[in-house]
Amino acid sequence: MSDINASLGPLERVNGRWAVGDSQRPGGAWLEFRADGLYQHAGRSKRIEEQLIPWSRVMLCGFSLGARYPSMGSYTPRGLLGGLPGPWKHRGRGYLHLTLRHPYEDWVATFDRHPRWYNLTHLSWFQELLRQTAREGEARRFADAEWLGRAVELLAVQRIRSARGMREAVAAARRL
């Protein structure tokens, strides 16, 4: 039995570790925030390579849901429908988009979505937390389970009022 006690869209704490994607799905692809970096779990997929990206290489970070390279926005209709009952339930994938250094490259990490609906507000908070933390050169903070837990708990109960308010709230959560 798992202990899921905090989440922000596809980001969740399960049994004391932070993961992006459905880490409970047998054979699924998901990402784990480890002390030494971001680890890609490939599950049974032959198209995904398991690998570890050290935090020191992460420069920029964001995510998309439903399409690897969506033409407009971060979420496609199929990505959003994956939490609804019916034929779309538990379908689709999400992608963490990273810009890495030494050598410089763009890297896309794949994760399977959860069967639950992702709250659109939580998706926005998750996107802004990824963006600000990586942009400020603090990606290694994702390895700090206590810090991430405090930030997620604070952001999960916030209500978006404006883009500026969101940026300020995430900045405040990052200072915890």
Point to revise | Considering residues of region 22-55 that are in contact with a Lys or Arg (Cβ under 7 Å, 6 or more places away or on another chain) and in contact (Cβ under 8 Å) with a residue 60 or more places away in the chain only, the residue farthest from Ser7 (Cα to Cα) | key: Trp55
Study note, to complete from the structure: Of (1) surrounded by 13 or more Cβ atoms within 10 Å (Cβ to Cβ); (2) in contact (Cβ under 8 Å) with a residue 24 or more places away in the chain, Leu154 fails just (2)
**Study point:** Matching entry among Tyr95, Tyr69, Tyr104, Tyr75 (being open to solvent by 60 Å² or more (accessible area, probe 1.4 Å), at pLDDT 90 or above and of a type outside the set (Gly, Ala, Ser))
**Key:** Tyr104
Point to revise | Subset of region 12-44 [out of contact with any Leu (no Cβ under 8 Å at 6 or more places or on another chain) and open to solvent by less than 30 Å² (accessible area, probe 1.4 Å)] | key: Glu12, Val14, Asp22, Ser23, Gly28, Ala29, Trp30, Ala42
Study note, to complete from the structure: Of those in region 16-68 that are assigned to a strand (DSSP E or B) and polar (S, T, N, Q), the residue nearest to Phe126 (Cα to Cα) is Ser64
Study note, to complete from the structure: Residue hits (region 162-176; surrounded by 12 or more Cβ atoms within 10 Å (Cβ to Cβ) and either over 19 Å from the mean Cα position of the chain (by Cα) or not small (Gly, Ala, Ser) (or both)) are Gly165, Met166, Arg167, Glu168, Val170, Ala172, Arg174, Leu176
Check your understanding: Checking Leu38 against (1) modelled with pLDDT under 75; (2) under 16 Å from the mean Cα position of the chain (by Cα); (3) of a type in the set (A, V, I, L, M, F, W, C), which test does it fail?
Key -> (1)
Practice item. Looking only at region 122-141, count how many residues are in contact with a Phe, Trp or Tyr (Cβ under 6 Å, 6 or more places away or on another chain), open to solvent by less than 10 Å² (accessible area, probe 1.4 Å) and not aliphatic (A, V, I, L, M). Key: 0
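The values are calculated or read from the model by the stated rules, or taken from the named source; none is laboratory data. Since we're looking at a predicted model, the values are computed, not measured. When we count neighbours, we look across all protein chains shown, and the Cβ atoms used for this are built from the backbone with ideal geometry, even at glycine. Heavy atoms of the whole protein, side chains included, go into the accessibility calculation; ligands, DNA and RNA do not. Shrake-Rupley method; radii C 1.70, N 1.55, O 1.52, S 1.80 Å.
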